[in-house]
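A short reminder: the numbers here are calculations on the coordinates, not readings from a lab. This one's a predicted model, so the numbers in the text were calculated from it and none came from an experiment. Neighbour counts are summed over all protein chains in view; Cβ atoms, including those assigned to glycine, are modelled from backbone coordinates with ideal geometry.
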Amino acid sequence: MSNAQGKQAGRGARAIALVGPQGSGKSTLFDALMAPAGTAARRGAAPSMSTELRLGHVTVMGDDWAILDCPGSVEFSYDAECALAVVDLAVVVCEPSPARAAALGPLLRRIEETGTPAIVFINKIDAMAGRVRDTVAALQAQTRRKLVLRQVPIREGEAITGYVDLVSERAYRYRRGGPSERIELPEAMLPRKTEARGELLEALADHDDGLLTKVLEDLTPEPEDIYRPLHDSEESGAVISVLLGAAEHSSGVQRLWKALRHDTPGVAATGARHGIGPSGPPVAQVFRTLHAGHAGRLSFARLWRGALRDGALLDGQRVGGIHRFPGGEAQKVAQAEGGDIVALGRLDGVRTGATLGGPELAFPSPPLNLFSLAIAADDRKEEVRLSTALQRLTEEDLALTVRQDPDSGMTVLAGQGEIHLRAALDRLGAAVGARLRTSGAPVAFRETIRHAVVQHARLKRQTGGHGQFADVKLQIAPRPRGSGFHFDEKVVGGAVPKRFIPAVAQAAEEATRKGPLGHPVVDIAVTLLDGGFHAVDSSDMAFATATRMAMQEGLAKADPVMLEPVDEVTVAVPAEFTSAAQRLLTGRRGQILGYAARDGWENWDEVQAMVPAAELADLIIELRSLSQGLGSYTRRFGHLAEARPR
C-alpha cells in the first residue's frame, strides 16, 4: 500500500508501543525496527536496563510510524501504562522461556483492561532450548485473550534456523542482518505445520462465520480468507498473534513489520475506541512531560485527529514548536498530521494526561507509592534549586511524589522502588549541580500516657515594670485510642478568670506537639482544675507559659509510652508465592488477617495483614525478590499501637 493509499484508507500515522519485562530485548528490537529510518541497529549495544521511554519515527513501505520503547523494569511500569493509553497496538516482547512467562501477567492484564490490540513477539528465538508451544501455553495462562501462533520454527539439529508462516504456508530461513530468505518447505515440517495451522484456523473460526464454514466443510482456506478475520479478531481484542524472531540479528523483524502494517488499526479506529469522532478540530492528548534543557518544556502528545501547525492554538495555549524523532533524533517540523506522536513546546501548565481540543479522555492514574527516601542538599544554599528540580521531576514522572513531613520537616521523595528512586536522584543531582543526602523516610511515631496525673505550675517573674504571674493546676489523663485531644475546665470561684482560659487551652494543645519521648502526644484529656492570678501581672502570655510548664512536667510523670502506626496491608502475588509472602509479613511483626484469591486474576492471591509502618520501608524490595518481581502491595493507615521491639 502506498502512502497515499494509506491516507485514503483513513489510517494516517500509526503508533505502537514495545512493552515487556526487563531483559526481553525491547530496546534491541526498537533499534532493528528503526533501521529503515537510516539508523543502524545497535546489535545488542542497547543499555542493560533502560529507565527512559524512547520515541522514534520511521517510514516503512510508505507508511508513517511512531514507535515507543517502554522501560521493562516493573518499577517503571507506569510509563508503559501511559504509552498504552495513546497507541494503536502493543508489541509484547518476551523471551522463549515458559519460566519467564509469569512476568508478563500484570502487563497482559493491563492490555486487556485498556482494550489495546496486541502482538506477542517471542524474541531471542535463536537461543531457545525448549518448544515454542510450551512458551505459548505458559503465556496463555496469563491472559484471557486467545493466543494464536502464526509461525512455527524450523530446526536444524539443535539450532533454529527459520520458520514456517502458517497463513501463507511458506518457509523462510533467517539471514543475519537482513530479511529472511524463502526456502522450500521441509518435508519433516509438514505434520507440525498442519497441526499448528489447524489450531490457528479453529481459533479464528470462532469469530468469523465464513471461515467457520470452510473449516466445518474441511475446505482449505486461501491466505486471503485468513488475513481479514485475523486482522478483525486482533483489532477487537479477541486474539493475540504470536510471532518469532531474534532482534539482535534482525531475524523475523521484516515479517513483524508486515504483520504490523496489516494488523495495526489506524488512528480513526483507535480514536473511535476512545470515543473520538472522525471530524472536528485537532485533538491532542499529552502522555509525557519532559524538561529538555535548552529545548524547554516538551509535552509529548498523540494527535488523535486533524493537522496541527506550529504556532496554532490548542485550548488557548499556543504551540511553541513541534518535534518529531526520525531515527530517534529530535527534528523540528512545521506541522503534525493526524495520528502522529510529537513533542509540543511551551505548553506551560498543561499536565500529563490532559486532552487539548476536545473532551477529557481517560488516562491511567499514577500508582500508589511503595518506597520512600528523605532527601536534602548537602549545601543548604541549594535548597531552592532542589525544590525547583523536584517540581519538574514530579511533572515528568507522575509515579513520583514529594511531600514535606509535618513532624520532622524533611523532604520525602516516594516512588515505585529503589531503582526508580535512584534514577530520580541521579537526575536530581544533575539538575541541582550539588550532592544530595538521603536517609530513610521518617515514620509518624506518636506517644501517649498510661496514667492520669495532677500537675501544678506557677509562673512568677518580676521585672522593672509589670511582672508576669500565672498559677494553674491541670489534670492530664489518657483517653481511648483514636479519640484525640480534649480540653475542659472546672474552675470555681473565679480562681482563673474566664478571659485567660482560652490561652490555657491553646497552650495545652500546643504542648502536645512534642512530648517527653520526642514525638507528638495524642489521646489525652487536659482539665484546668484550679489556679490563681494577679490583677496587674497576669496575662494570656503568662498563663500560656505556666500551662506549658505544667504540661511538660506532667506528661513526663504520666508514664509516657511510644505509639507506632500500624497499616492495613494487602499483598498481591501469584499463588505459588503466597506462603512466602505470609512468612515475609509475619517476619516483619505483621498479623495475618487472611488470604483469598485475587478477584479477576487466575492463580493469584491477596494476603491481608496488619503491619507496623516502620517495617514497610523496604518491604517492596524483599517482596519482589521472593516473587520473581511480580509481587506488589497496597497500604492504608489502620491504627496506633504501643510500639513493640523487633
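Fewest to most neighbouring Cβ within 10 Å: what's the order for Tyr172, Tyr595? Write down the numbers at each step before the final one.
Values: Tyr172 23, Tyr595 19.
Ascending number of Cβ neighbours within 10 Å: Tyr595, Tyr172.
Measuring from centroid to centroid over Cα atoms, what is the spacing of segment 433-460 and segment 487-506 in Å?
For segment 433-460 versus segment 487-506, the Cα centre distance is 27 Å.
What ranking do His486, His294 get, fewest neighbouring Cβ atoms within 10 angstrom at the top? Intermediate results must be reported in sequence, preceding the final value.
On the way: His486 13, His294 4.
Ascending number of Cβ neighbours within 10 Å: His294, His486.
Rounded, prolate or oblate, given the Cα gyration tensor of segment 562-642, with a/c below 1.5 counting as rounded? Each step should come with its number before you reach the end.
Numbers: a/c = 2.25, a/b = 1.69, b/c = 1.34.
Verdict is prolate for segment 562-642.
Rounded to the nearest 500 deg cm²/dmol, what is the calculated helix-only ellipticity per residue at 222 nm for the chain, with -39500 (n - 2.57) per DSSP H run of length n ≥ 4?
Values: 16 runs with 171 residues, N = 646.
That calculation yields -8000 deg cm²/dmol at 222 nm.
Which value, in debye to the nearest 20, describes the size of the charge dipole of the chain about its Cα centre when Lys and Arg Cβ atoms bear +1, Asp and Glu Cβ atoms bear -1, and nothing else is charged? Present the calculation step by step, with values, prior to reporting the outcome.
Details: 75 positive and 79 negative charges, 351 e Å.
With only Lys, Arg, Asp and Glu charged at Cβ, the dipole is about 1680 debye.
How far is helix 540-557 tilted off the main Cα axis of the chain, in degrees rounded to 10, range 0 to 90?
70
In whole percent, what relative contact order does the chain give with Cα contacts below 8 Å and a gap of six or more residues?
Numbers: 1401 pairs, mean separation 64.0, N = 646.
Here the relative contact order equals 10 percent.
Would you mind working out the magnitude of the charge dipole of segment 435-556 relative to its Cα centre, with +1 at each Lys and Arg C-beta and -1 at each Asp and Glu C-beta, to the nearest 20 Debye?
Details: 16 positive and 11 negative charges, 93 e Å.
I would put it at about 440 debye.
For volume of the Cα convex hull per residue in Å³, the listed values are [x] 167; [y] 207; [z] 254; which was obtained by calculation from the structure presented?
[y]
Could you give the nm distance between label points at Arg133 and Thr59, where each point is 7 Å from its Cα heading toward the beta carbon?
Between Arg133 and Thr59, the label points sit 4.5 nm apart.
Need the full-extension length gain, His466 to Leu368, defined as separation in residues times 0.36 nm minus the C-alpha distance. One decimal, nm. Spell out each step's value before the answer.
Working: separation 98, 0.36 × 98 = 35.28 nm, distance 5.73 nm.
In short, 29.5 nm is gained.
Kindly write out, for segment 321-336 in residue order, the coupling ³J(HN,Hα) from the Karplus curve 6.51 cos²θ - 1.76 cosθ + 1.60 (θ = phi - 60°), rounded to whole Hz, with x marking Gly and Pro.
Each residue of segment 321-336 in turn: x, 10, 10, 10, 9, x, x, x, 9, 5, 9, 7, 10, 7, 8, 10 Hz.
If you average the C-alpha positions of segment 332-396 and of segment 528-553 separately, how far apart do those two centres end up, in angstrom?
Result: 52 Å between the Cα centres.
Under a 5 Å amide H to amide H cut-off, with H placed in plane at 1.01 Å, what residues pair with Ile154 once short-range neighbours are removed?
Thr161, Gly162, Tyr163, Val164
Taking the Cβ of each residue in Met189, Met541 as the centre, tally the other Cβ atoms inside 10 Å and list the residues starting with the fewest. Please list the in-between numbers first.
Working: Met189 18, Met541 13.
Lowest to highest Cβ neighbour count: Met541, Met189.
How much net charge surrounds Thr161 when only the other residues with a Cβ under 12 Å from the Cβ of Thr161 are counted, with Lys and Arg +1 and Asp and Glu -1? All intermediate terms of the calculation are to be shown ahead of the outcome.
Values: positive: Arg155, Arg173, Arg175, Arg176; negative: Asp126, Glu156, Glu158, Glu181.
For residues surrounding Thr161, the net value is 0.
With the dipole of the chain worked out from charges on the C-beta (+1 for Lys and Arg, -1 for Asp and Glu) around the Cα centre, which of Phe533, Val148, Ala171 lies farthest toward the positive end?
Phe533
Which whole-number percent is the relative contact order of segment 447-558 (Cα, under 8 Å, 6+ apart)? Each step should come with its number before you reach the end.
Values: 237 pairs, mean separation 47.5, N = 112.
Answer for segment 447-558 is 42 percent.
Could you tell me how many degrees, from 0 to 90 and to the nearest 10, lie between the Cα long axis of helix 501-510 and the main elongation axis, the longest principal axis, of the Cα atoms of the chain?
Approximately 40 degrees, to the nearest ten.
Tell me the angle of helix 223-236 to the major Cα principal axis of the chain, expressed in degrees between 0 and 90 and rounded to the nearest ten.
Approximately 10 degrees, to the nearest ten.
Counting C-alpha atoms alone, how compact is segment 447-558: give Rg to one decimal and Dmax as a whole number, in angstrom.
13.8, 48
If the only charges are +1 at each Lys and Arg Cβ and -1 at each Asp and Glu Cβ, what is the size of the charge dipole of segment 526-645 around the Cα centre, to the nearest 20 debye? It would help to have the intermediate numbers written out before the result.
Details: 10 positive and 17 negative charges, 51 e Å.
Roughly 240 debye for segment 526-645.
So for the chain, taking the charge dipole from beta-carbon charges (+1 Lys/Arg, -1 Asp/Glu), which of Gly293, Ala334, Trp257 sits furthest toward the positive end?
Going by the Cα projections, it comes out as Gly293.
Dipole of segment 355-503 (Lys/Arg Cβ +1, Asp/Glu Cβ -1, origin at the Cα centre): which of Leu400, Leu428, Val453 lies farthest to the positive side?
Ranked along the dipole, the leading option is Val453.
Out of segment 470-523, which trypsin sites (Lys or Arg not before Pro) are coil in DSSP terms and have no more than 11 other C-beta atoms within 10 Å? Write down the numbers at each step before the final one.
On the way: sites: Lys473, Arg481, Lys490, Lys498, Arg499, Arg513, Lys514; in loops: Arg481, Lys490, Lys514.
Here the sparse-neighbourhood loop sites are Lys490.
In whole Å and largest first, what semi-axes does the C-alpha gyration tensor of segment 246-401 yield when each eigenvalue is scaled by 5 and square-rooted?
31, 22, 17
In whole angstrom, note down how far apart the Cα centers of segment 159-173 and segment 557-632 are.
Here the answer is 48 Å between Cα centres.
Once you've got the Cα coordinates, tell me which of Lys124/Lys332; Lys146/Lys193; Lys381/Lys514; Lys26/Lys258; Lys498/Lys557 are over 26 Å apart.
Values: Lys124/Lys332 36 Å; Lys146/Lys193 19 Å; Lys381/Lys514 28 Å; Lys26/Lys258 18 Å; Lys498/Lys557 28 Å.
Result: Lys124/Lys332; Lys381/Lys514; Lys498/Lys557 exceed 26 Å.
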